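The values are calculated or read from the model by the stated rules, or taken from the named source; none is laboratory data. As the structure is a prediction and not an experimental result, all values here were calculated from the model. So basically every Cβ, Gly included, is an ideal-geometry build from the backbone, and we count neighbours across all protein chains shown. The accessibility values were calculated without ligands, DNA or RNA, using every heavy atom of the protein model including side chains. Shrake-Rupley method; radii C 1.70, N 1.55, O 1.52, S 1.80 Å.
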Amino acid sequence: MPMLNMRYVLPDHIIDLNRIPELSHIQELEEWIVIGAMTRQREIERSEFLAQHCPIFRDALIQVGHQQTRNRGTIGGSLCHLDPAAELPAILSALDATVHITGPQGTRDLPIAEFPAFYMTPRIELNELVTGISFEPWPEGHKSAFVEFARRPGDFAIVGVAALLDINNDGTIKRAAIALAGIAAGPVRCGSAEQTLMGARISKETIRIAADTCREIDAMEDIHAPSSYRQHLAAELVSRAVHTAIDGPGAGSSK
Ligand SMILES: Cc1cc2nc3c(=O)[nH]c(=O)nc-3n(C[C@H](O)[C@H](O)[C@H](O)COP(=O)(O)OP(=O)(O)OC[C@H]3O[C@@H](n4cnc5c(N)ncnc54)[C@H](O)[C@@H]3O)c2cc1C
């Protein structure tokens with residue numbers, strides 16, 4: 001709808017997916033959580049099941065647009081619209097989600113890392129449909145946070161960070177996933193920060209070193225911000241996201 005509204009696309013036909021109820025669901029299938037492509041963002045935000053097993057969705061969604069846009073916007077629409085700053089693709093990247101696609105040739109699964117083709121263009125054919133996404137939830141008690149910087153509440157972020165952490169009883173980090181939005185055409189996994197965190201004991205120093213690796217990241221620039229500012233935001237927000245995941249909202253903020 002935004003693309004129509006801004007006259008970026010002038011299609012001859014529009015296919016309405018609203019009347020396919022099978023595309024709208026949040027399900028647990030064995031070890032996996034499956035979310036249908038037409039599931040509304042607001043439904044995901046309010047799902048008690050996801051709040052329990054994957055609270056990062058709720059953390060992020062309250063920062064996505066406005067309640068009115070979340071009432072109508074879908075997870076599949078966000079993924080296929082593929083705005084570089086969108087929150088949901090970044091979360092799905094951190095979760096190593098799989099995208100389920102259907103077309104005349106049958107069905108296929110694509111790892112989220114392979115889903116973006118280029119700027120605002122997913123790797124699906126014109127006659128294909130995303131039917132849903134699935135992912136393995138992180139263990140119970142894992143830590144997570146989504147933090148972002150946007151000029152005004154409800155705006156697309158300049159940079160956003162999804163952070164997931166699994167912490168051992170002895171305070172060392174067993175597993176870390178950090179994904180950035182607003183850096184490139186698709187979500188960017190911050191492998192160097194993840195590697196720095198994994199196996200390390202949590203400390204301000206370790207978090208700072210991990211976050212600072214993002215200053216080297218190859219960041220895009222556009223009318224909103226140069227790449228150097230995005231690199232700076234990436235480092236600051238990764239630090240803030242990891243602190244927030246561990247200590248709660250507001251932790252790690254320098255302001
Ligand atoms: C005022 C405003 C503020 C916003 N702020 C944010 C924000 O802060 N963060 C953010 O992430 N998003 C934001 N959005 C985007 C919004 O959250 C939706 O993701 C976006 O508008 C797509 O909406 P939709 O789900 O209705 O998809 P549509 O508009 O229906 O579809 C988007 C594109 O994906 C294709 N598509 C949709 N579903 C499928 C499918 N199942 N299979 C294949 N192709 C498909 C469509 O053909 C179209 O090209 C904002 C939107 C508005 C209008």
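Confirm whether ALA235 is under 20 Å from GLU87 (Cβ atoms), surrounded by 16 or more Cβ atoms within 10 Å (Cβ to Cβ) and at pLDDT 95 or above.
Yes.
Name the residues in segment 16-56 that are farther than 22 Å from ILE101 by Cα, hydrophobic (A, V, I, L, M, F, W, C) and surrounded by 16 or more Cβ atoms within 10 Å (Cβ to Cβ), would you?
LEU50, CYS54, ILE56
If a residue must be open to solvent by 20 Å² or more (accessible area, probe 1.4 Å) and either among the aliphatic types (A, V, I, L, M) or within 14 Å of the ligand (Cβ to nearest atom) (or both), how many such residues does segment 148-199 contain?
15
Working only within segment 1-15, note down all residues that are open to solvent by 70 Å² or more (accessible area, probe 1.4 Å) and either within 21 Å of ASP109 (Cα to Cα) or near the ligand (Cβ under 9 Å from one of its atoms) (or both).
MET1, ASN5, ILE14, ILE15
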